[in-house]
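Student: Here it is, the structure, as structure tokens.
Here, each number is a calculation from the coordinates, and none is a lab measurement. From a predicted model like this one, the values you see are computed outputs, not experimental measurements. No Cβ is skipped: glycine too gets one built from the backbone with ideal geometry, and neighbour counts run over all protein chains shown.
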Amino acid sequence: MSIEEYFQNTVLRPIIKFQNDLLIAVFLQFCTKYKNVFFDLSTEKKILYIETTIAKDSKLRNTFRNLLIGLFSVEEYSEYLKNASNLNKRMTDIVKERLISNVQLMSEYSPIK
């Protein structure tokens with residue numbers, strides 16, 4: 001197992017699981033604030049919207065990363081800095097998959113208009 005895989009499995013995944021509800025809330029707030037079209041899409045299009053938005057919106061990606069990095073210990077942060085670029089990609093991919101797996105839960109959310 002590579003150092004990045006080890007870090008992903010021992011640090012990133014537990015933090016992402018712990019922050020799951022907050023990650024969903026941040027994404028839904030983003031959807032409400034910008035365009036508000038997410039809530040009218042079919043499930044398939046919601047998944048595509050999640051993928052596209054995370055790929056294109058660096059501000060949203062950075063928000064997700066910062067929510068996760070803020071829970072690192074000093075030692076974890078030091079390890080993170082050694083491979084930040086690759087670990088950022090891993091974080092983004094895991095968060096994206098987390099949001100996609102919760103798309104049905106997000107469908108029940110009714111935005112404040």
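Student: If you keep only loop residues by DSSP, which GluC sites (Glu not before Pro) in the stretch 40-113 have at most 16 other Cβ atoms within 10 Å of their Cβ?
Tutor: Qualifying residues, ordered by number: E108.
Student: Evaluate 2.2 N^0.38 Å with N set to the residue count of the chain, then give the Cα radius of gyration divided by it.
Tutor: Relative to the 2.2 N^0.38 Å estimate, the chain comes out at 1.10.
Student: Hey, another quick one. Hey, how many Å between the Cα centroid of the stretch 41-113 and the Cα centroid of the stretch 8-35?
Tutor: That distance is 6 Å.
Student: May I pose another question? Can you tell me the length gained on complete extension of the stretch Y77 to T43, counting 0.36 nm per residue apart and subtracting the Cα distance?
Tutor: 8.6 nm
Student: Then there is this: In nanometres, what is the gap between the two model label sites at S2 and K56, each 7 Å from Cα along Cα-to-Cβ?
Tutor: It is 2.9 nm.
Student: Only sites in a loop by DSSP and with at most 13 other Cβ atoms within 10 Å count here; which chymotrypsin sites (Phe, Trp or Tyr not before Pro) in the stretch 1-104 make the cut?
Tutor: For chymotrypsin sites (Phe, Trp or Tyr not before Pro) across the stretch 1-104 that sit outside H, G, I, E and B with at most 13 neighbouring Cβ atoms in 10 Å, the list reads Y34.
Student: So what is the calculated 222 nm ellipticity per residue for the chain, using -39500 (n - 2.57) for each DSSP H run with n of 4 or more, over all residues, to the nearest 500 deg cm²/dmol?
Tutor: It comes out at -22000 deg cm²/dmol, rounded to the nearest 500.
Student: Mind listing which trypsin sites (Lys or Arg not before Pro) in the stretch 2-110 are in a DSSP loop and have 13 or fewer other Cβ atoms within 10 Å?
Tutor: K35
Student: Give me the extension gain from A25 to N86: residue separation times 0.36 nm, minus the current Cα-Cα distance, reported in nm with one decimal.
Tutor: 19.4 nm
Student: Gain in length, N102 to N9, computed as 0.36 nm per residue apart minus the alpha-carbon separation, to one decimal in nm?
Tutor: 31.5 nm
Student: Hey, another quick one. Based on the Kirkwood radius over alpha-carbon pairs, what is the Stokes-Einstein translational diffusion coefficient of the stretch 35-93 at 20 °C with 1.002 mPa s viscosity, in µm²/s?
Tutor: Translational diffusion coefficient: 164 µm²/s.
Student: Among Y34, S73, P14, whose Cα sits farthest toward the positive end of the charge dipole of the stretch 3-105 (+1 at Cβ of Lys/Arg, -1 at Cβ of Asp/Glu, about the Cα centre)?
Tutor: It is Y34, whose Cα lies furthest towards the positive end.
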